[in-house]
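Written out below as structure tokens is the structure these notes cover.
FYI, it's all coordinate maths here, none of it is from the lab. This one's a predicted model, so the numbers in the text were calculated from it and none came from an experiment. Ideal geometry is used to build each Cβ from the backbone, glycine not excepted, and the neighbour counts take in all protein chains shown.
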Amino acid sequence: MAEEKKEVMEEIKVAEVNKAPEIKVSEMNKEEAQLEKADSKYDAENIQVLEGLEAVRKRPGMYIGTTSSAGLHHLVWEIVDNAIDEALAGYCTEVTVAINEGDTITVIDNGRGIPVDVVKKSGLSGVETVYTVLHAGGKFGEGGGYKVSGGLHGVGASVVNALSEWCEVTVHKNGGIYYIKFQNGGKIVEHLQKIGDCDPDKNGTTVTFKPDSTIFTDTTKFEYEIIRDRMRQVAYLNRGIKIIVEDRREADHIREEFCYAGGIKEYVLFINNHKSKLFDEVMYCEGNTAIPVDNGKEAHIYVEVAMQYDDGYSSNVYSFCNNVHTHEGGMHEIGFRDAMRRVVNGYAKEYKFLKDGDDDYTFDDITEGLTCVISVKHPNPQFEGQTKTKLGNSEVRRIVSQVVGDQLNRFFLENPKLARIIMEKIATAANARLAARKAREEIRRKGGLELNTLPGKLADCSSKNPEECELYIVEGNSAGGSAKNGRNRETQAILPLRGKILNVEKAQAKRIFANAEIGNMITAIGGGIDPEFDVTKIRYHKVVIMTDADVDGSHIRILLLTFFYRFMRPLIANGYVYIAQPPLYKVEYHGKQYYAYNDAQLENIKQKLKLKPGYPLQRYKGLGEMDAEQLWDTTMDPAHRKMIRVTLKDAIKAEQIFTDLMGDDVEPRKEFIHTNAKFVKNLDI
Ligand code: TSJ
């Protein structure tokens with residue numbers, strides 16, 4: 001308590017320093033007089049503001065989810081969202097995102113520029129309001145537009161400011177250049193100043209910030225690839241906007257430009273790049289509907305859907321609301337499903353693909369081999385679900401259903417040849433489903449599924465409580481042996497994998513289930529496989545992939561992840577899949593062993609031990625080089641191990657990697673492995 005009081009006192013002192021809100025804008029606002037009166041009120045407002053930002057600093061997780069690398073990058077998304085909003089409002093055509101030397105970020109847009117005049121409510125300039133008032137968003141009273149891109153947390157620029165060491169904003173507007181700087185978590189150094197004149201046609205906002213290293217204690221390093229990938233996605237989701245991404249840190253700078261006139265239509269082509277398509281056309285629908293909003297005005301819900309079939313078996317429906325990937329689906333996906341079932345089954349009956357008495361095609365039949373991007377823009381999105389990535393607005397269901405229904409019907413009528421190709425593919429999927437069901441019933445009738453007996457290679461654990469059970473899938477028999485001897489027998493099961501498992505992307509379903517290694521894995525995990533995969537039946541709540549830290553190990557890991565992604569997706573979605581982190585080095589010093597899991601740690605150990613040359617330093621080439629005790633100590637002991645939990649967070653990226661690596665084309669696979677061996681090793685999907 002005392003501590004808190006002290007902090008408040010300090011804030012008051014800061015507020016006093018900032019007392020005179022001299023807003024040196026050239027044309028003082030009409031509300032000048034009122035502002036004068038509000039002057040004394042301003043102190044109180046400012047104190048409140050600082051308390052608000054202090055709350056963000058105390059609990060950053062509540063605002064940006066995490067203070068790890070993901071949270072750090074979240075700051076960038078928050079700032080970029082503002083520029084994208086300006087573009088969606090029709091006032092901005094170009095956004096630049098740059099990583100500078102020293103890992104600061106600059107975002108530039110050519111929009112109208114954040115308002116510089118005074119906002120009545122806070123007595124601050126528009127820029128200051130956006131930057132110091134929590135949830136101020138992009139709304140400025142009457143003139144305020146609706147924030148559309150509003151990110152996952154949608155917390156706005158003030159949160160970025162609160163979590164920054166410093167933050168600078170420059171606005172070009174109406175022929176003037178305005179500048180303000182904030183420091184130490186959002187404290188105003190000096191109020192907004194007009195610092196010069198510019199061409200009245202040159203408008204826009206430039207923001208530069210440096211994340212606070214006392215908040216982002218894990219890392220303050222930005223990853224170009226993460227920013228590049230997200231910006232490319234944003235460019236695909238918002239056609240016509242040019243987004244430039246720069247890394248100014250390297251000796252030879254990187255600069256990439258993304259601008260897609262075709263929007264999500266081009267996105268589908270990008271995702272399907274290396275797949276063999278059923279036909280080249282991308283089916284595309286769009287529409288919008290007006291809804292009333294609370295200020296009495298109208299806003300619009302926009303719907304866009306693009307899709308394309310390939311000759312494969314997996315279904316990939318990616319949905320977005322306001323540029324946020326809605327992993328958990330929601331009303332837009334349900335509306336899409338309604339429309340697909342209605343239109344396809346209607347057409348199939350009319351043109352006698354389905355005969356009287358046949359069951360309707362299921363959604364799974366219809367979407368086998370389909371890649372689809374659904375994007376809706378909503379003025380007031382309701383994000384629900386565990387990870388707040390499920391769209392809850394019920395009105396969206398009908399709108400998507402109507403837009404997709406009408407336009408897909410038209411597509412079928414206008415393209416009878418393509419409609420036939422699609423219907424035949426769907427009929428094949430339905431037949432395969434019926435045949436598989438018959439086969440299962442047959443097996444059940446004969447008594448006992450062959451897959452019911454646990455594989456001999458599995459060293460199972462004694463506990464039968466899945467919540468505490470772990471399955472280690474281990475590369476190679478020798479490492480498998482060490483793992484078996486080193487493990488905790490009660491909760492840890494070991495399944496050694498011999499050689500490379502099957503390439504699941506390329507292989508047909510039939511061959512996949514005939515493969516012994518994959519069969520062992522399915523049986524051991526115990527939940528079956530897609531489309532019957534039942535995550536409630538699985539025998540382990542941790543499935544740990546343990547491979548060597550080399551290119552082969554990476555390849556096996558990707559193969560396994562591909563398999564889980566394709567056939568047991570809920571296993572990943574529920575966070576049950578992990579990647580073990582064996583050490584890369586062992587240092588022996590005075591009879592003690594020190595392990596390093598990366599090069600930085602090795603450096604640390606060397607410095608601590610003042611390692612004189614001659615002391616044994618071992619670089620582990622494979623798990624097989626560790627004995628049972630070492631493997632337990634370094635990689636399997638729950639008290640000391642470090643594992644990476646695999647998430648679906650970037651399913652599109654995973655899809656792309658899997659296809660690049662394992663699809664029919666050999667070239668991208670070779671190229672990927674050669675140029676990207678480092679990334680493959682660090683793959684953290
Ligand atoms: F918020 C922010 F500071 F993070 C930020 C805002 C960062 C960046 C890179 C850009 C922006 C931003 C804000 N770009 N454009 C705008 N536009 C407005 O704030 C704006 C301008 C004029 C009007 C108006 O009604 O006249 C309304 C708005 C919302």
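Summary of values
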{"read-out": "Linear extension gain, residue 280 paired with residue 629, 0.36 nm per residue minus alpha-carbon span", "value": "120.0 nm"}
{"read-out": "Extension gain (nm, one decimal) between residue 360 and residue 610, 0.36 nm per residue minus Cα-Cα", "value": "82.7 nm"}
{"read-out": "Dipole axis of region 514-640 (+1 Lys, Arg; -1 Asp, Glu on Cβ), positive-most option in 585, 562, 575", "value": "585"}
{"read-out": "Computed over region 267-425, Cα set: Rg, Dmax in Å", "value": "16.3, 53"}
{"read-out": "Footprinting exposure proxy for 364, 338 (fewest neighbouring C-beta atoms within 10 Å first)", "value": "364, 338"}
{"read-out": "Pairwise label distance in nanometres, residue 410 with residue 190, each label 7 Å out on the Cα-Cβ vector", "value": "5.8 nm"}
{"read-out": "Distance violations [Cα-Cα > 18 Å] among 537/642; 58/187; 120/181", "value": "537/642; 120/181"}
{"read-out": "Sites residue 431 and residue 380, calculated FRET efficiency, Cβ-Cβ separation with R0 45 Å, nearest 0.05", "value": "0.55"}
{"read-out": "Rounded to 5, percent antiparallel among DSSP beta bridges of region 259-393", "value": "75 percent"}
{"read-out": "Simple spin-label estimate for residue 592 and residue 259 in nanometres, 7 Å along Cα-Cβ", "value": "6.0 nm"}
{"read-out": "Integer Hz, Karplus 6.51/-1.76/1.60 couplings in order for region 380-385, x for Gly and Pro", "value": "9, x, 10, 9, 10, x"}
{"read-out": "Cα-projected label distance for residue 58 with residue 226, points at 7 Å along beta-carbon direction, nm", "value": "2.7 nm"}
{"read-out": "Table column - 3J(HN,Hα) (Hz), region 178-185, Karplus curve with 6.51, -1.76, 1.60, x for Gly and Pro", "value": "10, 9, 8, 10, 10, 9, 6, x"}
{"read-out": "Residue order, fewest to most beta carbons within 10 Å, for 280, 81", "value": "280, 81"}
{"read-out": "Listed residue pairs exceeding 21 Å between alpha carbons, taken from 457/484; 194/221; 275/390", "value": "194/221; 275/390"}
{"read-out": "Volume per residue that the Cα convex hull of region 229-284 spans, once the total is divided by residue count, Å³", "value": "88 Å³"}
{"read-out": "Residues with amide H under 5 Å from that of residue 320, placed H, sequence gap 5 or more", "value": "326, 374, 375, 376"}
{"read-out": "Loop-located trypsin sites (Lys or Arg not before Pro) in region 587-632, at most 13 other Cβ atoms within 10 Å (DSSP)", "value": "610, 621"}
{"read-out": "Calculated FRET efficiency for the pair residue 219/residue 252, C-beta based, R₀ 25 Å, to 0.05", "value": "0.60"}
{"read-out": "For region 203-265 and region 554-603, distance of Cα centres in Å", "value": "29 Å"}
{"read-out": "Residue-wise HN-Hα coupling along region 343-353, computed from phi with Karplus coefficients 6.51, -1.76, 1.60 (Hz; x: Gly, Pro)", "value": "6, 5, 5, x, 5, 4, 6, 5, 9, 6, 6"}
